[in-house]
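Note sheet for the following structure.
The values are calculated or read from the model by the stated rules, or taken from the named source; none is laboratory data. Note that the coordinates shown come from a computational prediction; the quantities given were computed from them, not determined experimentally. A quick note on method: Cβ atoms are made from the backbone with ideal geometry, for glycine too, and the neighbour counts reach across all protein chains shown.
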Amino acid sequence: MSQLLTSEEICQPENMVYHRTCLLTDAALSYCPGCGHGTAHRLIMETIEEMNLQADTIGVAPVGCSVLAYDFMDIDMQQAAHGRAPAVATGIKRLYPDKFVFTYQGDGDLAAIGTGETIHACNRGENITIFFVNNGIYGMTGGQMAPTTLPGMKTATSPFGRDTATMGYPLKITELIANLPGTYYVTRQAVHTPASVRKAKKAIEKAIQYQKLNKGLCFVEIVSNCNSGWKMTPLESNKWMEENMFPFYPLGDIKVPK
Amino acid sequence: MKDIRLMKGNEALAEGVIRAGCDGYFGYPITPQSEILEYLMANNTKERTGMIVLQAESEIASIHMVYGGAAAGKRVITSSSSPGISLMQEGISFMAGTELPCLLVNVVRGGPGLGTIQPSQSDYFQAVKGGGHGDYKMIVLAPASVQEMYDFAKLGFDLAFKHRIQVMILSDGAIGQMMEKVELDEQIPRLADAEIVKKYPWATTGKTPDRERNIITSLDLNPVKQEIINQNLQKKFKHIQETEVRFERFMCDDAEYLFVAYGSSARICQKAVMLGRARGIKVGLLRPITLFPFPTNELARLAKQVKGMQAIEMSAGQMVEDVRLSVNGAVPVEHYGRLGGIIPAPDEVLNVLEQNFIHSKKEKRYEPATY
């Protein structure tokens with residue numbers, strides 16, 4: 001009779017095919033179970049570890065659900081005022097041109113209060129990388145309407161659905177900044193399936209590599225769910241995202257280096 | 001041989017910033033201080049010292065660029081004038097909450113609103129009492145000459161890094177625009193990145209294996225911790241009040257009456273003191289150089305000596321409140337101010353002092369000059 005292997009026997013270094021990156025701390029994530037932020041954090045930190053960039057990285061955290069990103073990322077980080085992360089990153093990068101400088105921002109931070117800072121950092125071609133997590137809602141403050149909220153979508157401040165006649169249209173800021181000569185690589189990804197995670201990882205790798213070439217700003221949007229804000233289960237929210245968010249915010253590269 | 005030049009106040013400040021070993025300037029044009037950005041750009045600082053100069057898209061962006069650079073241990077500065085400084089209050093509050101050193105310059109113009117481009121001192125409260133949200137103070141330096149515009153650049157950076165605090169040079173359109181001779185110092189070299197890592201272990205310079213990660217944040221949701229953070233800030237401000245007070249006494253030793261004025265008003269009062277002495281009035285001038293910390297103790301001492309104090313400001317009466325708090329009712333304190341960009345004349349302020357303290361109160365009060 002064959003003996004079953006114990007978990008201790010299985011968990012040996014030679015059997016290890018995947019491990020959590022050492023650049024994520026042991027702090028419990030403050031994100032709701034099912035949210036895409038955790039995966040986005042992991043992919044960025046994994047890439048920084050693989051590229052051996054920890055000592056050269058300075059990150060900028062936003063205001064929003066990911067305000068505490070510095071609790072989870074084991075790198076030097078600054079917390080910026082709401083929307084100002086691209087300006088903060090500009091200040092760092094101009095004074096440390098050889099460091100890897102990135103911002104991590106949500107849709108309210110990047111595309112509403114920080115629109116000016118976003119567009120001008122992109123237009124100056126700052127050699128920074130912007131990671132933009134778009135879930136079409138203000139998560140941290142309790143599910144209010146965001147600049148990227150879809151038409152008809154119900155939120156705490158558009159309880160009857162976003163009425164474009166009075167509340168305006170969702171802002172496709174990624175398409176907008178892709179038109180600026182200062183941006184070098186602009187892409188839109190997702191992290192809700194294994195396949196999309198693999199694609200997003202590749203995009204993140206490119207965005208970090210390109211910064212070294214000093215070619216301009218790299219911008220990676222990650223369309224994510226907000227199951228709490230959308231008042232759905234994680235699975236329902238992923239399905240809703242595929243059916244409603246992706247048609248409006250199509251995935252894929254928007255601007256690639258020539 | 002001494003390097004002496006004839007310069008505008010704004011230009012002298014810009015030259016002082018370069019020579020103080022500044023790493024980066026981020027700013028947005030606004031009258032009456034645009035010469036600062038223009039001078040820095042024209043001087044090709046990148047080649048001269050390696051200093052970065054960037055014209056930002058707004059004052060809001062400028063102050064947050066300063067935040068980013070300061071949090072990485074660099075000597076950084078922004079400058080503006082009143083409406084622009086109002087826009088920066090968010091960033092200044094964040095820098096207060098994160099205890100970041102930086103130099104800020106306000107070449108004050110008249111307000112409120114768009115007001116005027118003429119000189120004023122109506123931003124005293126904003127500079128000295130906080131300005132942005134939360135309990136905080138900045139060190140506020142008030143230059144009264146073009147030479148001090150130059151000198152306070154280095155002094156400001158030194159104080160900012162000594163205490164990890166924001167230092168504001170509170171100038172005004174008159175000091176910024178007027179020309180005087182300036183004596184320049186030798187260039188102070190900028191710190192190398194490796195020196196910054198050593199000198200400022202708190203700075204976000206990239207996490208190396210020999211230390212924990214550095215985090216610059218003003219957020220702590222735990223009220224017990226947040227109270228301690230605030231109490232520590234207050235301890236620092238108290239220490240600064242005890243150690244960094246600067247002022248100038250002009251003919252105070254035998255004074256029976258005292259002008260209290262800073263910046264360009266102090267220059268006017270200096271002349272008024274000379275006029276007063278010629279009229280046989282024993283009048284002196286106490287010029288606060290630091291507006292925070294305010295020379296409270298010196299004024300309290302002088303209150304035992306003089307019969308009255310005449311505060312002169314180009315405002316509706318802001319600094320005078322600190323003078324009154326300092327003397328605590330020991331002597332009468334009067335305010336006289338001109339508003340909207342009008343600069344008072346020396347004989348005008350001397351007549352006011354005479355009216356208030358020397359002539360009978362029943363006599364006709366002095367009529368301000370009209371323009």
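Applying the set (1) out of contact with any helix residue (DSSP H, G or I) (no Cβ under 7 Å at 6 or more places or on another chain); (2) without any contact (Cβ under 8 Å) to a residue 40 or more places away in the chain to A:GLN211 leaves exactly one unmet item: (2).
Can A:TYR104 be described as buried (at least 23 other Cβ atoms within 10 Å of the Cβ) and either more than 22 Å from A:VAL186 (Cβ to Cβ) or of a type in the set (A, V, I, L, M, F, W, C) (or both)? Judged against the criteria, A:TYR104 is not a match.
Residues that are within 14 Å of chain A (Cβ to nearest Cβ) and closer than 14 Å to B:VAL167 by Cβ were ranked within segment B:74-87; the one that is surrounded by the fewest Cβ atoms within 10 Å (Cβ to Cβ) is B:ARG75. Please enumerate the residues belonging to segment B:160-206 that are within 29 Å of B:ASN232 (Cα to Cα), more than 14 Å from every other protein chain (Cβ to nearest Cβ) and crowded, with 22+ Cβ neighbours inside 10 Å. Listed by number, the residues that qualify are B:ALA160, B:ILE165, B:GLN166, B:VAL167, B:MET168, B:ILE169, B:LEU170. Give me a count of the residues in segment B:38-64 that are away from every other protein chain (no Cβ under 13 Å), assigned to a helix (DSSP H, G or I) and either of a type in the set (D, E, K, R) or in contact with a helix residue (DSSP H, G or I) (Cβ under 8 Å, 6 or more places away or on another chain) (or both). Residues meeting the conditions: 5. Scanning segment A:139-172 for residues that are surrounded by 23 or more Cβ atoms within 10 Å (Cβ to Cβ) and in contact with an Asp or Glu (Cβ under 8 Å, 6 or more places away or on another chain) yields A:ALA146, A:THR148.
Among B:ALA56, B:ALA96, which is assigned by TED's automatic domain parsing to the domain that holds B:VAL182, buried (at least 21 other Cβ atoms within 10 Å of the Cβ) and in contact (Cβ under 8 Å) with a residue 40 or more places away in the chain? Testing whether each residue is assigned by TED's automatic domain parsing to the domain that holds B:VAL182, buried (at least 21 other Cβ atoms within 10 Å of the Cβ) and in contact (Cβ under 8 Å) with a residue 40 or more places away in the chain leaves just B:ALA96. How about segment B:127-163: which of its residues are in contact with a strand residue (DSSP E or B) (Cβ under 7 Å, 6 or more places away or on another chain), assigned to a loop (DSSP other than H, G, I, E, B) and not polar (S, T, N, Q)? B:LYS137, B:MET138, B:ALA142, B:PRO143, B:ALA144 - these are the residues of segment B:127-163 that are in contact with a strand residue (DSSP E or B) (Cβ under 7 Å, 6 or more places away or on another chain), assigned to a loop (DSSP other than H, G, I, E, B) and not polar (S, T, N, Q).
Is it the case, given these coordinates, that A:ARG124 is of a type in the set (Lys, Arg), at pLDDT 95 or above, in contact with a strand residue (DSSP E or B) (Cβ under 6 Å, 6 or more places away or on another chain) and more than 21 Å from A:HIS37 (Cβ to Cβ)? So A:ARG124 does not fit the description; no.
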